[in-house]
1. Within the stretch 102-123, track down each residue that is part of a helix (DSSP H, G or I) and either at pLDDT below 85 or closer than 17 Å to Thr310 by Cα (or both).
2. When you go through (1) over 17 Å from His271 (Cα atoms); (2) touching a His at 6+ places or on another chain (Cβ under 9 Å) one by one for Gly155, which number turns out not to apply?
3. Could you identify the single residue in Val290, Val242, Val272, Val280 that is touching a Ser or Thr at 6+ places or on another chain (Cβ under 6 Å) and not polar (S, T, N, Q)?
4. Scan (1) assigned to a helix (DSSP H, G or I); (2) assigned by TED's automatic domain parsing to the domain that holds Ala278; (3) touching a helix residue (DSSP H, G or I) at 6+ places or on another chain (Cβ under 7 Å); (4) among the aliphatic types (A, V, I, L, M) for the single condition Ile74 breaks and write down its number.
5. From Pro125, Pro97, which residue is over 23 Å from Gly274 (Cβ atoms) and of a type outside the set (A, V, I, L, M, F, W, C)?
6. If you scan the stretch 213-264, which residues turn out to be assigned to a helix (DSSP H, G or I) and touching a residue at least 40 places away in the same chain (Cβ under 8 Å)?
7. Can you find even one residue in the stretch 297-314 that is among the aliphatic types (A, V, I, L, M), touching a residue at least 60 places away in the same chain (Cβ under 8 Å) and assigned to a helix (DSSP H, G or I)?
8. Has the stretch 313-328 got any residue that is closer than 18 Å to Cys193 by Cβ and at pLDDT below 95?
Amino acid sequence: MDPIGRALDLLHDQYLSKAKEELDKLVSVGSSVFDYQQPSRKRLIVPQVTEAEENLFRIKAVPSRQPRPLGDVITDAEHIFTARTQVNHPRFLAFIPAVPSPVSWLGGVINDAYNTFCSTWAASPGVNAVEVSLCGWLALQIGLPSDAGGVFTSGGSMANLTALVMARHQKLGNDLRARALGVAYISDQAHFCIKKGLHIMGLFPEQIRVLPSDIRGCMKISELRKAVQDDVQKRKLPFLVVATCGTTNTGGIDQLGEIADLAETFGMWLHVDGAYGASVSLCQPRRHLVRDLARADSVAWDAHKWLFQTYGCGIVLARNKAHLRTTFTTTADYIRDLDIQ
């Protein structure tokens, strides 16, 4: 065998030997984490972390000059990670809880172990096929057509931002004059990431209409209609309305059907932030509450809320999956020979 081959084999053997030595520690950590994840009324919901502890966390974050024993690092990590609000506590009612199943975080461990690179089909046909299939299935559950599709994102904020950029591209294109006249409409109960996303993609505050909500926390349709009509008279270009299916404050669901009617009348893109409430579509006795999700051009959905997945697992679905491709597809020299799907 050539010298390089022998060296690589030696490194591989050393790696396996070290990994086996540490395996027992990793199994112990997994057991500890599993025990900690079980809901317990004995723990404080909000951690009582002293200033001294916070300073210690900062010190621990700085790499040391010498390697540290794995056991010490794991102990520090457990101390740091347990200093958190117990969102899976049975009495945690502050906002949307997160209660991932043990299978979910085990899946995260497996995913990290395989360390799959998913940005091209050629690099990971297996995982990409699963993503395409699962997004198609989720789209069908909310009533979108068979040519709908989507992608997984790091969470609801990125799912919403992806949809907002797609809406702008499909409705205003690359015409700078049209973009300067574009107007988006949101509720005062919309998640903060919506307004933030509109700013990130270049809209000025005067291009964002924040509409009042009613006593149920839902967007007032009369105010939406009036705002759109006023902007049309001012020669503005209403291009996007963002409805919410499950507000963070109250779980309210906007009148999706009436908003969809207005969107169709004025040629606007309808995006629904269903990060919280889209999962209702999987509940047969209650799915009628969200039946008008089927009329959306795009939907954001969080699996780390009611689908019991770990943070962050967001999804953005497009009524026409080709819109995702025409909005975001790009290339580079190092992938030019790949058959991009």
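1. Across the stretch 102-123, the qualifying residues are Pro102, Val103, Ser104, Trp105, Leu106, Gly107, Gly108, Val109, Ile110, Asn111, Asp112, Ala113.
2. That leaves (1) as the condition not met.
3. Only one candidate qualifies: Val290.
4. (2)
5. Pro125
6. Selection gives Ile221, Ala227, Val228, Asp231, Leu256, Ile259, Leu262.
7. Restricting attention to the stretch 297-314, the residues satisfying the condition of being among the aliphatic types (A, V, I, L, M) are 299-300, 303, 307.
After this cut, where a residue has to be touching a residue at least 60 places away in the same chain (Cβ under 8 Å) as well, the list is 299-300.
Filter once more, keeping what is assigned to a helix (DSSP H, G or I): none.
No.
8. Among the residues of the stretch 313-328, at least one is closer than 18 Å to Cys193 by Cβ and at pLDDT below 95, which makes the answer yes.
The values are calculated or read from the model by the stated rules, or taken from the named source; none is laboratory data. Please read all numbers here as calculations on a predicted model, not as lab measurements. Please note: Cβ atoms are built from the backbone with ideal geometry, for glycine as well, and neighbour counts cover all protein chains shown.
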